[in-house]
Amino acid sequence: MAGGGAAPATSTSEAMPPVNGPAIAATSMEQAGEYLTIVGGCNDCHTQGWSESDGKVAPADRLAGMNVGFRGPWGTSYGKNLRTIVQRQTEDRWVQVLTTADGGDGKPPMPWWNTRQMSDRDLRAMYRYIKSLGPKLNGVPRSLPPGKEPSGPYIWVAPQPPK
Ligand code: HEC
């Protein structure tokens with residue numbers, strides 16, 4: 001089972017729809033989605049405490065966003081609360097955002113270049129898994145333009161010249 005012994009998602013969809021090309025196989029879309037969010041690295045930036053706990057965050061607390069910013073030439077961006085986003089976005093819109101870098105507005109270090117190459121079914125599986133977790137409120141700061149000082153912690157994601 002995916003998730004290193006973690007409990008599987010509670011609600012499950014019907015059988016996995018067919019796919020054209022490489023995609024994950026699992027008994028349900030939610031189980032595939034849980035696995036994909038782990039191996040796709042989504043928790044690394046969208047789950048508070050994921051790396052600090054060595055990936056031991058219960059599904060109920062995953063993907064609700066991170067309050068450590070990613071600062072670079074684009075300003076400061078934050079791994080958003082995906083639990084809230086899937087509640088207010090349709091599945092089709094989710095696929096569109098992840099395959100178009102949010103219409104070209106999406107900022108780094110979100111790996112837009114990777115999600116646009118995922119199969120449609122895998123993208124939908126992640127949506128259904130995250131939606132099955134239900135909403136979870138979490139105070140994720142708003143992104144900031146370049147030159148604006150974040151009031152909370154942040155990570156520099158731009159190369160620094162050697163000392
Ligand atoms: C290296 C860090 C990082 C990783 C890994 C990452 N994200 Fe993100 N993600 C971000 C950041 C930062 C943003 C905000 C980008 C912006 O402000 O434009 C974001 C934004 C998003 C959005 C857009 C939310 C909206 O505004 O509608 C979605 C959806 C998303 N990520 C899903 C995922 C999924 C699914 C994965 C795993 C396949 C993933 N992310 C992996 C950092 C990351």
Helix 120-132 axis, angle to the chain major axis (alpha carbon atoms, nearest 10°): 90
Assigned charges on the beta-carbon of Lys, Arg, Asp, Glu; the stretch 72-163 dipole about Cα centre (debye): 240
Convex hull volume per residue for the stretch 89-155, taking Cα atoms only, in Å³: 118
Note, ³J(HN,Hα) from phi for the stretch 74-90, Karplus 6.51, -1.76, 1.60, rounded to Hz, x at Gly and Pro: 7, x, 10, 10, 10, x, 5, 7, 6, 5, 6, 4, 5, 6, 9, 10, 6
Stretchable slack from residue 113 to residue 90, in nm (0.36 nm times residue separation minus alpha-carbon distance): 6.1 nm
Rounded tilt (10° steps) of 29-39 against the dominant C-alpha axis of the chain: 30
Size of electric dipole in the chain: Cβ of Lys, Arg +1 and of Asp, Glu -1, about Cα centre, debye, nearest 20: 420
Leading residue at positive end of dipole, the chain (Cβ point charges), from 82, 153, 97: 153
Order of 39, 19 under a 10 Å beta carbon neighbour criterion, fewest first: 39, 19
Exposure proxy ranking, count of Cβ atoms within 10 Å, fewest first, for 110, 126: 110, 126
Paramagnetic label zone (point 7 Å from Cα along Cα-to-C-beta, residue 58; backbone N under 16 Å) in the stretch 130-144: 133-137
Rounded tilt (10° steps) of 91-100 against the dominant C-alpha axis of the chain: 50
Using θ = phi - 60° and Karplus 6.51 cos²θ - 1.76 cosθ + 1.60, couplings along the stretch 145-162 (whole Hz; Gly, Pro as x): x, x, x, 8, 6, x, 7, x, x, 8, 10, 6, 10, 10, x, 9, x, x
Phi-based couplings in Hz for the stretch 43-48 (Karplus 6.51, -1.76, 1.60; Gly and Pro marked x): 5, 3, 10, 10, 10, 4
Relative contact order of the stretch 29-156, defined on C-alpha pairs under 8 angstrom at six or more residues apart (%): 38
Under the Debye formula (equal points on every Cα, no solvent term), log10 I(q)/I(0) of the stretch 29-156 at q = 0.12 Å⁻¹: -0.43
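For 99, 76, 115, what ranking results if the residue with the fewest other Cβ atoms within 10 Å of its Cβ goes first? Don't jump to the answer; show the numbers that get you there.
Details: 99 15, 76 24, 115 20.
Ascending number of Cβ neighbours within 10 Å: 99, 115, 76.
A short reminder: the numbers here are calculations on the coordinates, not readings from a lab. Because the structure is predicted, anything quoted here is derived from the model rather than measured. Note that each Cβ is placed from the backbone with ideal geometry, even for glycine, and that neighbours are counted across all protein chains shown.
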